[in-house]
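Nothing in this text is a laboratory measurement; each read-out follows from the coordinates by a stated rule. Just so we're clear, the structure is a prediction, and the values are computed from it rather than from any experiment. With ideal geometry, Cβ positions are generated from the backbone for all residues, glycine too; neighbour counts draw on all protein chains shown.
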Amino acid sequence: METLTHIMNGFGVALQPVNLWYTFLGCFLGTIIGVLPGIGPSATIALLIPVTYGMNPTSALIMMAGIFYGARYGGSTTAILINTPGEASSVMTAIDGYQMAKNGRAGAALAISAISSFIAGTIGVIGLTLFAVPLTAMALKFGPAEYFTLMFFAMTAVSSLAGKSPAKAMISTILGLMIATIGIDLQSGQPRFTMGVPELQDGIGFVIAVVGLFAIGEVFATMEEMTKGTRPEIIKLKGRIWLTRDEWNRSVKPILRGSVVGFVIGVLPGAGGTIASIMAYVWEKRVSKHPGQFGKGAVEGVAGPEAANNADTAGAMVPLLTLGIPGGGSTAVMLGAFIMYGIQPGPLLFQNRPDLVWGLVDSMYIGNLMLLILNIPLIGLFVRLLYIPGGILMPLILAISTIGIYAINGNPVELVFGLLFGVAGYVFRKVDIPLAPLILSLVLGGIMEQSFRQAMTISGGNPKVFVGSPICVTLVALSIVSIFLPVILKRIEAMGARAKENG
Amino acid sequence: MVDRVILVCTIVVAAVYFYATTLIPSLEIGDPLGPKAFPRLIGVALLIAAAMLALEMWKERGQAAAKGAGGAPFDPAVLKVLAVVAIWIGIYYAALEGLGYIVATSAFLFPLMAWFNRGKWLANALSAVVFAAMTYWLFVALEVRLPRGVLPF
């Protein structure tokens, strides 16, 4: 009952004119930047963090959330029109979406993507509302050992699910942890790995790393494509952005199925949207009466994965808000943003700041609706962004990255760190080292070490504390299972690949 | 080949990290683990990851041979262009505070656009200057401090 009051009060917060405005602005900016080829949600959130510097935390976080799902949505437009998904989770959308666009149904593909995003997003937020309270009740029982094992689980899950090679993903995870240890050790006050550079004393800010790895690194990769002349062609958008009754009837069930798959996968830590959309695609193809159409422009092949991708966004907010532990790269960036505003998500936040938490959750209902209203009429405008020549756009992204990093502390040395991360991001892309695990462990590294040391202090230095409670044992067991997940996952991917080939 | 380089780099990073760990000054009072324990653990984990990579390479040795030499990921001609871009970014960062955001950014953007978007002089020049000016005022309005530099406003 008390929760219901909080939820209602949350709408009061979310519906304040100023917060409505920031929800709108977040969705709008998120979509715009998300549409840009190659810029995924992580980079979008990091690049736009400076925009929120002058705001109060509630409004800032409401805007961040808007940016997050706006960017997820914007990525699909790119997938449909130029067959290059802005991020891995739109890969399955590109298969049939791009074919629909080639068949002259680009408008319908974009419309179904917008509608399924709205429905799935709303179902996802309902799920988030329902699951948040029981999960926070459980999370209140968590001590340092439980938190440590939970973070350990999140990292093993992300390592084993990101990229092609689990070993490279693990290297990426550990590099992130290593970077997190740079700076003054909070418990002993000793500087670590600072090499006498004063800028390193406070550690390396996650915004610098994210902007460098994702935005600057991506610019290098795109400049390479431009130098080689391998940029993909854009399909021109013709006709109305709407779909026929038949297309709609064929999409309803895929949307509902995709929403459920997406939400459930989103709650679990790991590669999230990518796995969810592959599973939704495979599912749709299995139950379809005409599987032969898949890969040639089947509307179900857009509706299902798109729904899964967007429900996943809401699902991913569940562990982030209730436990304070993100399950992937882009939610890790969200956590970083929370911490920047001095807010530690987790069960205590639900007790101490119900206005903030529920204002944020409720703003997501409104944001999803806004995205729908915004996207159907304005999509033609967003699509124009795709026509900006890469030769102009890439330098501009470099300049925006500069603002993003410089605005934190006004220190040019940090810009150089950003550039170094950019070079690393480019090299990592080329050699198939995934970036999301690095970001996750960079953001979590500090908290993880603290939990580790607190747990060890409480137990008097006995490492058995990490298997000392049923929750810990479960989490350790899950971590071990997730290490063996790549084997299972290879099968799912093979199914996805087969679906693509047989198409 | 690439994986072999990654393997060597990983081991080198782990070694350097272990060495750097020994340099951390520690006064272990009230904290039984001290500031070194967690980094040591991470260093060990990195070595385990390197071992995993070696195992993966060993498992896939047949496939790698079948792929042959076709897969060098880096093209020297491209790398030259990117190296120049990276140096140019470095020069921009160095000049940012002295020249101010608007001047430095316009001067940074224009040559890049001239190179990657050839022949469109007017569009490039306009994009560079208008973008720099608009973002400056936008962020100043949002209370984000950007260097003013040589311009009086």
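Name the shape class, rounded, prolate or oblate, that the alpha-carbon gyration tensor gives for the stretch A:91-172, where a ≥ b ≥ c are the square roots of its eigenvalues, rounded holds for a/c under 1.5, and otherwise prolate holds if a/b is larger than b/c and oblate otherwise.
Details: a/c = 7.31, a/b = 1.56, b/c = 4.68.
Oblate is the answer for the stretch A:91-172, as a/c is 1.5 or above yet b/c matches or exceeds a/b.
Taking θ as phi - 60°, what are the ³J(HN,Hα) couplings along the stretch B:2-16 by the Karplus curve (6.51, -1.76, 1.60), each to the nearest whole Hz, with x for Gly and Pro?
My calculation for the stretch B:2-16 gives 4, 4, 5, 4, 4, 4, 4, 4, 4, 5, 5, 4, 4, 5, 4 Hz in order.
Quickly estimate the mean residue ellipticity at 222 nm for the protein assembly as shown, helices only: each DSSP H run with n ≥ 4 gives -39500 (n - 2.57), and the total goes over all residues, rounded to 500. Before the final figure, lay out each step's value.
On the way: 27 runs with 482 residues, N = 656.
Calculated from helices alone, the mean residue ellipticity at 222 nm is -25000 deg cm²/dmol.
Set the bar at 27 Å for Cα to Cα. Now go through A:Lys296/A:Lys490; A:Lys464/B:Lys59; A:Lys238/A:Lys490; B:Lys80/B:Lys120; A:Lys464/B:Lys36 and name every pair that lies beyond it. Spell out each step's value before the answer.
On the way: A:Lys296/A:Lys490 24 Å; A:Lys464/B:Lys59 34 Å; A:Lys238/A:Lys490 39 Å; B:Lys80/B:Lys120 23 Å; A:Lys464/B:Lys36 20 Å.
Pairs exceeding 27 Å: A:Lys464/B:Lys59; A:Lys238/A:Lys490.
Quick check on the stretch A:212-293: take the gyration tensor over C-alpha atoms, sort the square-rooted eigenvalues as a ≥ b ≥ c, and tell me if it's rounded (a/c under 1.5), prolate or oblate. Walk me through the numbers before you get to the answer.
Details: a/c = 2.54, a/b = 1.40, b/c = 1.81.
Judged from the Cα gyration tensor, the stretch A:212-293 comes out oblate (a/c at least 1.5, b/c at or above a/b).
No solvent, one uniform scatterer per C-alpha: report log10 I(q)/I(0) for the protein assembly as shown via the Debye equation at q = 0.08 1/Å, two decimals.
Taking Cα atoms of the protein assembly as shown as identical point scatterers yields -0.57.
Once amide H atoms are placed 1.01 Å from N in the peptide plane, what residues at a sequence separation of 5 or more from A:Arg192, or on another chain, have their amide H within under 5 Å of its amide H?
A:Gly183, A:Ile184, A:Asp185
For the stretch A:18-24, take each phi angle, set θ = phi - 60°, evaluate the Karplus expression 6.51 cos²θ - 1.76 cosθ + 1.60, and give the result in whole Hz per residue in order, putting x for glycine and proline.
Using θ = phi - 60°, the values come out as 5, 6, 4, 4, 6, 4, 4 Hz.
Positive end of the dipole of the protein assembly as shown, charges at C-beta (+1 Lys, Arg; -1 Asp, Glu), about the Cα centre: which of A:Ile112, B:Ala51, A:Ala276 has its Cα farthest in that direction?
A:Ile112
Between A:Asn411 and residues 5 or more places away or on another chain, which pairs have amide H atoms under 5 Å apart, with H built 1.01 Å from N, and which residues are they?
Counting only residues 5 or more places away or on other chains, the set is empty.
Averaged over its residues, how many other protein chain Cβ atoms are within 10 Å of peptide A:169-178's Cβ atoms?
Numbers: counts 2, 8, 12, 1, 4, 13, 6, 1, 7, 9.
Mean shielding count: 6.
Return the average number of partner chain Cβ atoms within 10 angstrom of each residue Cβ along peptide A:414-420. Intermediate values should be presented prior to the final figure.
On the way: counts 1, 6, 4, 0, 2, 6, 1.
Averaged over the peptide's residues, the number is 3.
Can you give me the relative contact order of the stretch A:240-293 as a percent, contacts being Cα pairs under 8 Å and 6 or more apart? Let's see the in-between values first.
Working: 22 pairs, mean separation 14.7, N = 54.
In percent, rounded to a whole number, it is 27.
So, with +1 on the Cβ of K and R and -1 on the Cβ of D and E, and no other charges, what is the size of the charge dipole of the protein assembly as shown about its Cα centre, to the nearest 20 debye?
Numbers: 41 positive and 32 negative charges, 351 e Å.
That gives the protein assembly as shown a dipole magnitude of about 1680 debye.
Using alpha carbon centroids, what distance separates the stretch A:242-318 and the stretch A:66-143, in Å?
After rounding, the separation between the Cα centres reads 9 Å.
Rounded, prolate or oblate: which fits chain B, taking a ≥ b ≥ c as square roots of the Cα gyration tensor eigenvalues, rounded meaning a/c under 1.5, else prolate when a/b beats b/c? Before the final figure, lay out the partial values.
On the way: a/c = 3.74, a/b = 1.45, b/c = 2.58.
It is oblate, given that a/c is not under 1.5 and a/b is not larger than b/c.
What do you get for the angle between helix A:57-82 and the principal long axis of chain A? Use alpha-carbon atoms, 0 to 90 degrees, nearest ten.
Taking the Cα atoms of chain A, the angle to A:57-82 is about 40 degrees.
B:Tyr19: net charge of surrounding residues, Cβ under 14 Å, Lys/Arg +1, Asp/Glu -1, itself excluded?
Values: positive: A:Arg192, B:Lys36, B:Arg40; negative: none.
Its environment carries a net charge of +3.
Explain nothing, just compute: Karplus ³J(HN,Hα) = 6.51 cos²θ - 1.76 cosθ + 1.60, θ = phi - 60°, for every residue of the stretch A:459-476 in order, whole Hz, x for Gly and Pro.
Taking θ as phi minus 60°, the curve returns 8, x, x, 8, x, 4, 4, 7, 10, x, 9, x, 4, 4, 4, 4, 5, 5 Hz for the stretch A:459-476.
Calculate the mean, over all residues of peptide A:119-127, of how many other protein chain Cβ atoms lie within 10 angstrom of the residue's Cβ.
What the average comes to for A:119-127 is 0.
Relative contact order of chain A, please, whole-number percent, based on alpha carbon pairs below 8 angstrom and at least 6 residues apart. Each step should come with its number before you reach the end.
Details: 978 pairs, mean separation 145.0, N = 503.
Worked out over chain A, it gives 29 percent.
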